[in-house]
1. How charged is the neighbourhood of residue 57? Take every other residue with its Cβ under 10 Å from the Cβ of residue 57, and add Lys/Arg as +1 and Asp/Glu as -1.
2. Per the Kirkwood formula on distinct C-alpha pairs, the Rh of region 21-76 is how many angstrom?
3. What dipole magnitude, in Debye to the nearest 20, does region 4-181 give about its Cα centre under +1 on Lys/Arg Cβ and -1 on Asp/Glu Cβ?
4. Through the Karplus equation 6.51 cos²θ - 1.76 cosθ + 1.60, θ set to phi - 60°, convert the phi angles of region 125-135 into ³J(HN,Hα) values in whole Hz; use x for Gly and Pro.
5. For the chain, please report how many Lys pairs fall under 22 Å Cα to Cα, leaving out neighbours fewer than 8 apart on the same chain.
6. Per-residue HN-Hα couplings for region 59-71, Karplus 6.51 cos²θ - 1.76 cosθ + 1.60 at θ = phi - 60°, whole Hz, x for Gly and Pro?
7. When the gyration tensor of region 4-181 is built from Cα positions, what are the square roots of 5 times its three eigenvalues, in whole Å, from largest to smallest?
Amino acid sequence: MINKQKIIISSFLIVFAIVSRLFLRDLPNVETITITALLAGSILGVGYALVIPLTAIAITDIWIGNNSILLFTWSAWVLIGLSGLLLKKQKKDTFRFSLQLTGLGITASLLFFLWTNFGVWLMWPKMYPMTLSGLVQCYVMGLPFLKYNLLGNLVIIPVISFAVVACFKWQHISKSLRKIIRPTN
């Protein structure tokens, strides 16, 4: 069942992902789709883990551009969003949740790197020979992009996830205060 709160959170995540992805586009492999996908999966559930990152990517790819590698990049972000489901049952108002999201983000960076570089190797045989050494060469050449992706996620994910934890804490405190302040009949 779709509810108003999920639509608001979804809209916020999509707008955040679009604006930040466009703003950060000049930084190689520093992006916010990973945290957006992880939050969609961990807070909202399966359908949102698929729709939210793909919507943001589709819209921003209009400006940024893409090529046939999109099969690999888009599917990597779907897998990342689905990995957010691992935290679906975790309490969202604890800093442990933020640390778990950061750990998933690091894992997501590695998954994204392995999968998309495999795609580069597979789709552009003129760049790298279709051999094991060609695949290794493709991965080695992609290491600078992995470095920036990891560094970006090591900053972006904790900052955003701490903000999310703070929002959940505030929501919990505010509900408790309303109960205390509200007179009983």
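1. Working: positive: 21; negative: 31, 61.
Computed value for this residue: -1.
2. Details: mean 1/r = 0.0851 Å⁻¹.
About 11.8 Å for region 21-76.
3. On the way: 15 positive and 4 negative charges, 184 e Å.
Dipole size: approximately 880 debye.
4. For region 125-135, the Karplus curve yields x, 6, 7, 9, x, 7, 10, 4, 5, x, 5 Hz.
5. Taking the Cα cut-off of 22 Å, the pair count is 23.
6. Computed from phi, the couplings for region 59-71 are 5, 6, 5, 4, 8, 6, x, 6, 9, 5, 5, 4, 4 Hz.
7. Details: eigenvalues 224, 51, 36 Å².
Here the semi-axes work out to 33, 16, 13 Å.
Taken together, the values in this text are just the output of simple stated rules run on the coordinates, not laboratory data. Source: prediction; values computed, not measured. Quick reminder, even Gly has a Cβ in these numbers, built from the backbone with ideal geometry, and neighbours come from all protein chains shown.
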